[in-house]
1. If I model a spin label at residue 112 and residue 620 as a point 7 Å from the Cα along the Cα→Cβ vector, what separation in nanometres do I get?
2. For residue 762 and residue 471, what does the FRET efficiency come to when R0 = 35 Å and r is the distance between their Cβ atoms, rounded to the nearest 0.05?
3. Looking at the square roots a ≥ b ≥ c of the eigenvalues of the Cα gyration tensor of the stretch 550-619, which shape do they give, rounded for a/c under 1.5, prolate if a/b is larger than b/c, or oblate?
4. I'd like to compare 248-255, 395-402, 51-58: which one has the highest average count of other Cβ atoms within 10 Å, and what's the full order after that?
5. Roughly what would the spin-label model give for residue 629 and residue 67, points 7 Å off Cα along C-beta, in nm?
6. Got a sec? How would 404, 246, 554 order by Cβ neighbour count within 10 Å, fewest to most?
7. What ranking, highest mean first, results for peptides 739-747, 595-603, 619-627, 504-512 when packing means the other Cβ atoms within 10 Å averaged over each residue?
8. With a Förster radius of 51 Å, plug the Cβ-Cβ distance of residue 662 and residue 575 into 1/(1 + (r/R0)^6) and report the FRET value to the nearest 0.05.
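No value in this document is a laboratory result; all are computed from the given coordinates. Computed from a predicted structure; not experimentally measured. When we count neighbours, we look across all protein chains shown, and the Cβ atoms used for this are built from the backbone with ideal geometry, even at glycine.
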């Protein structure tokens with residue numbers, strides 16, 4: 001209801017503004033800004049953009065910002081813009097603004113628009129808010145005819161919560177051109193994201209020209225199609241989704257072989273950096289080491305432990321910290337990088353190192369003896385510290401993934417916490433006085449599969465809960481989303497995985513907690529879809545609502561489907577075929593009388609399509625309750641010594657221990673990198689009805705009621721929720737949940753009654 005009231009209010013005020021401005025009013029959209037400002041006041045007057053506009057600046061350093069603003073407004077309007085010192089129709093200024101660094105004010109009235117920031121980036125933030133006050137059509141890349149351009153009169157006071165609001169793009173697994181990176185920077189700037197983490201190297205490709213080592217790009221930047229590429233091509237065909245196709249402009253034929261890849265020249269990098277600086281974005285480069293270096297160690301001698309390189313027991317051949325030649329190589333490549341990138345931070349990576357090589361390497365063992373190192377973890381720490389001293393000597397600070405804690409964390413390094421299962425890493429980092437950036441894989445890995453909770457889980461995440469000591473919270477620099485691109489081969493697919501989750505990251509990083517409101521955010525997010533359509537951003541349309549993965553009904557079922565994106569159209573099939581624009585369009589009048597499988601696809605006005613959604617509707621009758629009489633509260637949880645990759649394998653493993661648990665959660669005593677669990681007992685159903693089940697897990701899980709499968713969430717996968725229903729008679733029904741995880745996961749089962757109300761687990765289960 002709140003959402004509806006907000007939409008009505010926007011519509012009503014929008015009409016008022018249209019009639020209040022002049023005899024031939026422009027289209028004035030209500031103020032809807034994301035991330036939400038600290039304070040926004042609006043009245044019924046408006047500012048109309050003159051066809052000849054002067055952008056005034058009070059400081060010469062703002063000239064690039066003014067020219068950037070003109071470049072945003074000029075294509076769609078066709079208007080002329082002049083930049084000059086002094087007063088104009090739109091004024092940009094540096095001044096004293098209360099609040100954190102990069103705070104700004106924006107005041108618009110019928111006479112002018114005035115943006116004042118306490119820094120250059122504060123002015124850029126104000127420009128993004130001004131941009132969002134205009135109709136979405138302002139984003140068009142050519143003149144839009146028949147429009148006058150205006151914004152409502154507003155008073156905005158705003159400042160960011162965190163100084164670090166970042167996104168990482170992995171260009172190693174799949175390569176993105178200079179132009180595609182710049183487009184991504186534009187999208188980041190729109191939502192006040194200010195740190196671009198550029199993951200330039202990995203096993204699959206070296207993307208940065210290093211003049212001292214030309215083979216890194218001549219050979220290391222190119223590869224034959226690998227399993228990830230083949231998976232993408234398979235998905236493209238099976239799902240009728242061209243976003244999975246490997247772009248032909250990133251292929252070349254060499255001696256009859258098709259090679260995939262690409263790299264950035266140093267001139268390309270300089271151009272991207274300059275582009276980012278104008279938009280108030282810092283670029284943090286990463287050459288990942290000592291692991292994930294196969295593209296480098298396979299092309300130059302003296303860098304790895306052994307002449308033969310490849311994949312070890314878990315990861316690839318790493319840099320050899322025992323060889324002086326390897327250290328020289330690492331410092332040389334970073335020397336060229338440091339000369340290119342002006343920002344104070346560089347990222348060393350430091351994650352997922354194949355240390356079995358070091359155990360066998362005489363050079364590594366000699367280095368450990370030389371420095372009194374007892375473990376290979378300490379050897380890794382020695383390498384990281386050696387590189388950090390080198391960075392410091394070049395005037396740079398180091399960031400690393402949270403593995404750099406292992407073996408001893410230096411006093412000055414900044415930690416990116418990504419392993420959500422490494423629960424102590426945040427407190428270890430801040431407890432030692434080191435800066436911390438939050439990027440836990442769940443929910444900040446934007447390559448993970450998306451579900452109905454993906455955006456919500458980001459939006460509701462509170463980093464400070466991981467740092468309970470208030471005296472240490474100032475060490476939290478901010479938050480960052482990561483886009484790993486193993487299965488993201490194209491610009492379109494990258495956009496699809498990033499948006500709208502990046503909008504939630506933007507608001508989490510910028511907006512104060514007391515300003516956040518999920519229902520309001522959904523309204524403002526939906527308002528952004530029209531803008532993203534004009535920008536040709538292939539965003540993911542939020543999940544369709546009104547049904548579950550597996551549904552049951554008795555008699556007949558009217559299918560009720562809603563979509564948050566007002567511009568979307570929903571098409572479906574019932575024969576398993578992939579929906580097209582020619583397939584039946586859902587109009588709210590779909591009634592099922594028999595068991596039916598629905599295949600759904602959502603289309604945007606541009607013709608761009610969503611991923612396929614499949615849902616099952618089963619016509620059934622109420623399942624009778626058991627005559628058994630359970631005597632103990634809760635469920636019986638059994639822990640297995642499990643090594644498999646499917647739920648079906650759990651019961652074949654030896655039993656380690658049993659527990660009584662109140663609900664479906666991991667018992668406190670269960671601690672292992674790989675675990676298998678079953679939960680058995682009865683669920684107490686208070687009245688006849690159709691009950692809904694929400695099973696979330698990382699990794700695999702299965703739910704059975706009365707011996708019948710209700711939810712299949714099996715297999716190795718990122719955190720995700722699968723839903724299902726069961727028609728149940730009053731009384732006790734046998735329930736079983738199977739669950740396994742590799743690497744520290746989670747499991748949760750939520751049950752909702754016939755009215756959609758969540759049922760508390762107290763008295764819900766017995767065994």
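1. Computed distance between label sites residue 112 and residue 620 equals 6.8 nm.
2. Taking R0 as 35 Å, the efficiency between residue 762 and residue 471 is 0.40.
3. Prolate is the answer for the stretch 550-619, as a/c is 1.5 or above and a/b outweighs b/c.
4. Final packing ranking: 395-402, 51-58, 248-255.
5. If labels sit at residue 629 and residue 67, their model points lie 8.6 nm apart.
6. With the sparsest Cβ surroundings first, the list reads 554, 246, 404.
7. 504-512, 739-747, 595-603, 619-627
8. About 0.70, to the nearest 0.05.
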